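The values are calculated or read from the model by the stated rules, or taken from the named source; none is laboratory data. What you see is a predicted model; the values in this text were computed from it and never measured. Backbone-built Cβ (ideal geometry, glycine too); neighbour counts: all protein chains shown. Note: areas computed on protein heavy atoms with side chains; ligands, DNA, RNA excluded. Shrake-Rupley method; radii C 1.70, N 1.55, O 1.52, S 1.80 Å.
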Amino acid sequence: MDKIRVGIIGYGNMGSGHAGNIREGKCPELVLTAVADILPVRRAAAEQDNAGVHTFDDAITMLDSGEIDACIISVPHYDHPRYAIACMERGIHVMVEKPAGVYTKQVREMNEVAAKHPEVKFGMMFNQRTNCIYRKMRELVQSGKYGQLRRSVWIITNWYRPQAYYDSGNWRATWSGEGGGVLLNQCPHQLDMWQWICGMPVKIDAHLQFGKWHDIEVEDDVTAYAEYENGATGVFITTTGDAYGTNRFEVQMDRAKLVADETGLHVWEFEMSEPEFSRTNTVPFGAPTVTELAIELDGQNPQHVGVLNAWAGAILRGTPLVADGSEGIKGVTISNAMHLSAFLGKPVTLPVDEDLYYEELQKRVATSHAKTGEQVFSDTSNTYGGTK
């Protein structure tokens, strides 16, 4: 096999975007052969956009058609695990859009099935892991040269969305259709990278506001406090209500401060670690000598194309994925913890009580109101939270 026949489940904003990248030759080892979507207008769009593509009104029919070797899942969040499992059980390689799912119980089931099918290349569309800024930041934090993590603060508020965005799809911003708001839709990338760079927290105390800035059911404003096993703390702030918001991720370590923002990656290295300096220094207002480093980056940030090309390499040659699909549960665990903390009005420990979370989620699903109106297509190419 020198070309991988790819199907896409869901020809909405993301599915059509992936199709465009394949069609334009940006993923030379992939060829789009099939699309499944329940909406006739989207199937018609897929046929118009992609000459010769086969369209299906049912995803399972497409998976059983023999037309594809691999599948990209770009449907609402609740359906990510069930379609991924259907692919795995048929030996079809699968790439899942973020998030891995809505709640960890369903994601855990998906991962258990994946473990039984090692022949299937299972990836997560964590395209921000391709960004040279975050890749370098992770390398420095995980290297051990700067000692232990002390504090992390991520303010990611440049997800501004007007009401028209939420009105563009009947599943958006509902408990029954999406399962959450900014944490489930916009921030899975940041929640993934937060743990990818700093590790998983052990405690979350979150304050969520639901429909604060928009006419929606779910959260559009979040401030969360985290604790790590070594005693370090973290703060995560996000919203879709700030026009012209901020993306700034600061990590304080024993021997350095690292900041990733819209201008790049900045690192201040201390001459000696803070614990050593504090123990040996005799000057009341002294501070460690610090040097701002010139950080060399490779400049690469291929985003979705990079994830898809790495997936193709894994299928054809066994080379590494950008993100193994089994890692998707980590970010979902953090978002579930934030939601559960807000639902209960108190801190929660990780891993979360999965049954309790599911029970609390279903209470909200039971009162969820379906929306009406036409689906609206949008170009998502410049909507990645200012991490171009």
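Of note:
- Screening the stretch 110-154 for residues that are over 21 Å from residue 332 (Cβ atoms) and hydroxyl-bearing (Ser, Thr, Tyr) and picking the one that is farthest from the chain's Cα centre (by Cα) gives 146.
- When the stretch 86-139 is filtered for residues that are in a loop (DSSP other than H, G, I, E, B) and within 19 Å of residue 74 (Cβ to Cβ), the ones remaining, listed by number, are 90, 92, 97, 98, 99, 100, 101, 102, 120, 121, 125, 126.
- Of all residues in the stretch 177-199, none are open to solvent by 30 Å² or more (accessible area, probe 1.4 Å), outside any helix (DSSP H, G or I) and out of contact with any strand residue (DSSP E or B) (no Cβ under 6 Å at 6 or more places or on another chain).
- Considered as a group, the residues in the stretch 209-220 that are open to solvent by 20 Å² or more (accessible area, probe 1.4 Å) and of a type in the set (A, V, I, L, M, F, W, C) include one that is farthest from residue 351 (Cα to Cα), and that residue is 213.
- Any hit, the stretch 61-76, residues being in a helix (DSSP H, G or I) and either charged (D, E, K, R) or open to solvent by less than 40 Å² (accessible area, probe 1.4 Å) (or both): yes
- Of all the listed residues (350, 340, 316, 361), the sole one being under 30 Å from residue 26 (Cα atoms) and either under 20 Å from the mean Cα position of the chain (by Cα) or surrounded by 14 or more Cβ atoms within 10 Å (Cβ to Cβ) (or both) is 316.
- Selection status of residue 330, within 17 Å of residue 234 (Cα to Cα), open to solvent by 20 Å² or more (accessible area, probe 1.4 Å) and outside any loop (DSSP other than H, G, I, E, B): yes
- Of all residues making up the stretch 140-157, the number that are open to solvent by 40 Å² or more (accessible area, probe 1.4 Å) and either part of a loop (DSSP other than H, G, I, E, B) or over 19 Å from residue 231 (Cβ atoms) (or both): 5
Residue by residue, here is whether (1) open to solvent by 10 Å² or more (accessible area, probe 1.4 Å); (2) hydrophobic (A, V, I, L, M, F, W, C) holds:
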position	(1), (2)
106	yes, no
114	yes, yes
121	yes, no
125	no, yes
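- Residues satisfying the stated conditions in the stretch 280-313, i.e. open to solvent by less than 80 Å² (accessible area, probe 1.4 Å) and small (Gly, Ala, Ser): 286, 287, 299, 306, 310, 312, 313
- Residues satisfying the stated conditions in the stretch 221-267, i.e. exposed (fewer than 15 other Cβ atoms within 10 Å of the Cβ) and part of a strand (DSSP E or B): 235, 264
- When the stretch 39-48 is filtered for residues that are free of Cβ contacts under 8 Å to residues at least 60 places away in the same chain and either of a type in the set (A, V, I, L, M, F, W, C) or buried (at least 21 other Cβ atoms within 10 Å of the Cβ) (or both), the ones remaining, listed by number, are 44, 46.
- Residue 282 meets each of the listed conditions (1) out of contact with any strand residue (DSSP E or B) (no Cβ under 6 Å at 6 or more places or on another chain); (2) closer than 18 Å to residue 197 by Cα; (3) not in a strand (DSSP E or B) apart from (2).
- Residue match in the stretch 18-38 (condition: open to solvent by 40 Å² or more (accessible area, probe 1.4 Å), touching a residue at least 12 places away in the same chain (Cβ under 8 Å) and over 24 Å from residue 306 (Cβ atoms)): yes
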